[in-house]
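Reading through the structure tokens given below for one structure.
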Amino acid sequence: MKIHLPNSAFLGNIDPFIRGFDPSEPDRLQITANDKWIAVHPSVISMVAALGLKVGSSNIRCQKLEAGSSHYLVRMGLFKLLDIPTDISITVHEPAGRFIPLTRIRTSEELTRFIAEMIPLLHLEAEQAKTLGYIVSELVRNVLEHAEASDGAILCAQYYKKTNSIRIGIADTGLGIRATITRSHPAETDLDAIRLALMPGITGTTSMEGGTEQNAGAGLFFIKSIASVNREFFVVYSGAGFYKLLKKTAARNLRLHADPFADRHSSEGGMPVWPGTVVGVDITLNQTEEFSRLLDAIRKTYGSAVRERRKERYRRPRFT
Amino acid sequence: MKRIEIHAHAGAFAENKDAARDLRLKEIIPALDKGESVVLSFERVDAVTQSFIHALISDLIRKRGVDVLDRLEFKSCNDTVKKIISIVVDYMQEGA
């Protein structure tokens, strides 16, 4: 596999970076980078880390990084997690207030502990911490419960004080969304599977409305809704499928869509095949008063989506 | 009447679905089976995830019907927690 870190890859312009990923020769990983500048979204770093863990440190070749900003990768813990050498030296600062370095979560207990520990790292207010905790919990639990990824969920995040926003990236090298969703729902392509996974009430664990006792099929819909109400980007990449919720303009009426394709979005079904799932989300933290409105909108959207699906399945008796 | 302190089992940010399942199986169901009512106290719980609440109560509604809600009381919930509980109760009834 080959992955190239460009000078810029955030959720708004992440598409070329993903198109440049080469998944051939899955037992080896070659990491190259722009030699002038590297500025990337946490999801990009999580992706590189997830691939590196999959192949193991002895099978990673990483070019000498020349860009002045390469130290950021060191501070995020990329080389440490992958156990590969680097000659980039940095002065280690206390990470509190700025970022969550690369973290691997493999169990429910690790997740609960991580959520408790990450809040002080970012020095967030209680209301803001709730949103972040919510997102991390739902996304990581998806990985732990569905992905069957031996390396678990790999995540990192960066806080931006100027915009009071946080960017989060979670990657795994597990089964991928299509393999799990098609256990209960038909999906011909990876993109079809992503579309289903983003709909409220659809889970790979059952075809039954309302989910199972442990899964409702609502987690990704909630996260997309949080991004939507924040008017921020949200990306899901799994297999060859890629979905990006695009930024939208402020609207007085908060309107959510059960079908992610009804949102302002871009999508592609022919991306290089990612061996698992990647989720990236940007969240503006100063809109916490919107969270309550968001829940009202979710309640309304969720209910009507379930009713619509029941109506579609309803069959009248045939009288002849 | 059985009273269960969610904070004691799941902390201020209640997100651990395994803890929710354990509460349901080991505390709530045995109490309901004995004919008791159950008070789920969310005192000192700042936030919950939908997944947590789903794991806590959805199966009760599915298997015992909506009447089980007459024997469950959600106490000391803040507005956000109330709304998330309402979302789960709603969709469990819509899909029933």
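The values are calculated or read from the model by the stated rules, or taken from the named source; none is laboratory data. Note that the coordinates shown come from a computational prediction; the quantities given were computed from them, not determined experimentally. All Cβ positions, even for glycine, are placed from backbone atoms using ideal geometry, and neighbour counts span all protein chains on display.
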On the basis of being facing chain A (nearest Cβ under 7 Å), crowded, with 16+ Cβ neighbours inside 10 Å, at negative phi and among the aromatic types (F, W, Y), does B:F52 make the cut? no
Answer from B:K63, B:K34 - the residue that is facing another protein chain (nearest Cβ under 10 Å) and over 10 Å from the mean Cα position of the chain (by Cα): B:K63
Would it be correct to say that A:D151 is modelled with pLDDT of 95 or more and surrounded by fewer than 23 Cβ atoms within 10 Å (Cβ to Cβ)? yes
Pair list, Cβ under 8 Å, 6 or more apart: the stretch B:79-92 residue over 16 Å from A:R307 (Cα atoms), other residue assigned to a helix (DSSP H, G or I) and of a type in the set (A, V, I, L, M): B:T80/A:L295; B:K83/A:L295; B:I84/A:L295; B:I84/B:I53; B:I85/B:I53; B:I85/B:I57
Taking interchain pairs and intrachain pairs at least six residues apart, which have beta carbon atoms under 7 angstrom, with the first residue in the stretch A:97-123 and closer than 17 Å to A:R141 by Cβ and the second surrounded by fewer than 16 Cβ atoms within 10 Å (Cβ to Cβ) and among the hydrophobic types (A, V, I, L, M, F, W, C)? none
Tell me, yes or no, whether the stretch A:139-148 has at least one residue that is out of contact with any Gly (no Cβ under 9 Å at 6 or more places or on another chain) and either assigned to a helix (DSSP H, G or I) or surrounded by 24 or more Cβ atoms within 10 Å (Cβ to Cβ) (or both). yes
May I ask you to list the residues in the stretch A:108-128 that are at pLDDT 80 or above and surrounded by 16 or more Cβ atoms within 10 Å (Cβ to Cβ)? A:S108, A:E110, A:L111, A:T112, A:F114, A:I115, A:M118
Please list, ordered by first then second residue, the pairs with beta carbon atoms under 9 Å, 6 or more apart or interchain, first in the stretch A:256-274 and buried (at least 16 other Cβ atoms within 10 Å of the Cβ), second modelled with pLDDT under 95 and among the β-branched types (V, I, T). A:L256/A:V229; A:L256/A:I298; A:L256/A:T301; A:H257/A:T301; A:A258/A:T301; A:A258/A:V306
Could you list, in sequence order, the residues of the stretch A:108-130 that are among the hydroxyl-bearing types (S, T, Y) and in contact with a Leu (Cβ under 7 Å, 6 or more places away or on another chain)? A:S108
Residue count for the stretch A:110-121, restricted to those that are more than 8 Å from chain B (Cβ to nearest Cβ) and either within 14 Å of A:A157 (Cα to Cα) or among the aromatic types (F, W, Y) (or both): 6
Hey, among the residues in the stretch A:122-131 that are within 12 Å of chain B (Cβ to nearest Cβ) and assigned to a helix (DSSP H, G or I), which one's nearest to A:L294 (Cα to Cα)? A:T131
All conditions in (1) within 9 Å of another protein chain (Cβ to nearest Cβ); (2) free of Cβ contacts under 8 Å to residues at least 40 places away in the same chain; (3) of a type outside the set (D, E) are true of A:R141 except (2)
Enumerate the pairs (first residue in the stretch A:289-314 and more than 7 Å from every other protein chain (Cβ to nearest Cβ); second residue anywhere and surrounded by 14 or more Cβ atoms within 10 Å (Cβ to Cβ) and modelled with pLDDT under 80) with beta-carbon separation below 6 Å, excluding pairs fewer than 6 apart on the same chain, so at least 6 apart or on different chains. A:R293/A:L254; A:A297/A:L254
Could you tell me whether A:Y134 is within 20 Å of A:F233 (Cβ to Cβ), outside any loop (DSSP other than H, G, I, E, B) and away from chain B (no Cβ under 11 Å)? no
